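K.L.:
After the C-alpha cells below, expect a handful of questions from me.
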Amino acid sequence: MRYAVLITGPAGAGKSTFSTAFATHLRMARRSAHIVNLDPAATGDAFEYEPAVDIRELITLEDVMSEMSMGPNGGLIYCFEYLLQNMDWLEEELGGYDEDYLIIDCPGQIELYTHHPFLPTLARNLQRMGIRTCAVYLIDSQFMEDRYKFFSGVLSAMSAMVNLEIPWINIMSKMDLVSSAPSSSDTTSDEPRNGRRTRRDISRYLDPDPLLLSSARDGGRDSGRFHELNRALVQLIEDHPLVSFLPLDLTSTESLEVVVSHIDFTMQYGEDEEPKEPNDLDRGDFFEEDE
Ligand SMILES: Nc1nc2c(ncn2[C@@H]2O[C@H](COP(=O)(O)OP(=O)(O)OP(=O)(O)O)[C@@H](O)[C@H]2O)c(=O)[nH]1
Ligand SMILES: [Mg+2]
C-alpha cells in the first residue's frame, strides 16, 4: 500500500518546513518517506532532502515566465494546468515507490485551494493510482492575533475542504511563536494580555468558538451589514463543527508525534499489513531459530 499526504495551505504557512520535519520523523522511526515537490517556484535549496519527485523536472516557473512571457501568478497557474495535463508523468515518477509514504509539498497559491480544480483533480488521480491519500491544511498561528484574519483562515480551510473527497486535517502551525501563560487570571476576555495568550484563549481558536467573531467589537467595523455578515459566518461555522485545528509546535517532538499519529489514523496506516496469527504472537521471537 502506498500513502500520500498532501501538505496544503496559504503562502508561508510552513508547508515545506513541516514536510521536512515529517519526513525526518518517519525516517527516524524507520519508515520509508519521500518528499514530492509540487511547487514549480521552489528555489534550489528549499529542501533538506533531495525531493524524490520534483515538478521542476517537468516544468519550472522561470521557464514559463521567460518562454511564455507570463507574470508570476499566471505562470504558476499555467504550471499546474500543465501538470494536470501530464498526470502520466507524475504516475511514472511515483511508480517506483511501493510501500512508501509520500509527503507532497504543495505550493502556496491560495487560488489553488479556493477555486481551482488542482487539488481535487490531483487527489482523484492519486486515488486512481491506488495511493491512499489524505490532506493537511496548515494555517500560521499568527492568524490568531486578529480574529478577522483568523476567520478568513477558517473560511479558506473550509472552502478548500468542501471540494475534496479525501480525509482532511487542519493544523495550526508555528505554535512555538505563541506563548501560552496558564495564568490564574484566566477570564473570558479574548484579547491577549501583554501580548501573551492564555491556554483558554488558544483553545477557543483551535476549536473555533464562533462567538469570538460575534462578540468582536472593533471600532466602526462592527455595525450594520458587517454585523449581519458576522452572524451568518457564526452560523456557518456552527453548522460545520469539523473545522478544528491540531496545534503543531516543531520545537517539540511530542507535538510532531501527535500530528503524525493523527495523519496515520486518518489514512488507516498499516491496516492492510498481514494480520498476525495468534500463534505467531504467542511464540514470539524465542523459537525463530528452530524454524
Ligand atoms: N517559528 C517558526 N517558524 C517557522 C515554522 N515553520 C516554518 N517557519 C518559517 O516560516 C517561513 C515559511 O516557511 P515555509 O516552510 O517555507 O512555508 P511554506 O508554506 O512552504 O511557504 P510557501 O511554499 O512559500 O507557500 C520560513 O521563514 C520558516 O522558517 C515553525 O514551526 N516555527
Ligand atoms: Mg513551500
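K.L.:
Using the beta-carbon distance between S152 and S66 and R0 = 30 Å, what value does 1/(1 + (r/R0)^6) give for FRET efficiency, to the nearest 0.05? Write down the numbers at each step before the final one.
P.N.:
Values: r = 34 Å, r/R0 = 1.14.
Calculated value: 0.30.
K.L.:
A further question on this structure: Take the alpha carbon atoms of segment 19-35, find their center, do the same for segment 69-139, and report the distance between the two centers in whole angstrom.
P.N.:
That distance is 20 Å.
K.L.:
Compute the FRET efficiency between A29 and E50 as 1/(1 + (r/R0)^6), taking r as their Cβ-Cβ distance and R0 = 35 Å, and round to the nearest 0.05. Each step should come with its number before you reach the end.
P.N.:
Details: r = 20 Å, r/R0 = 0.58.
Here the calculated transfer efficiency is 0.95.
Laboratory data are not the source of any read-out in this text; all were calculated from the coordinates shown. Treat the numbers as computed from the prediction; the structure is a model and nothing was measured. Note that we place each Cβ from the backbone using ideal geometry, even for glycine, and neighbour counts take in every protein chain shown.
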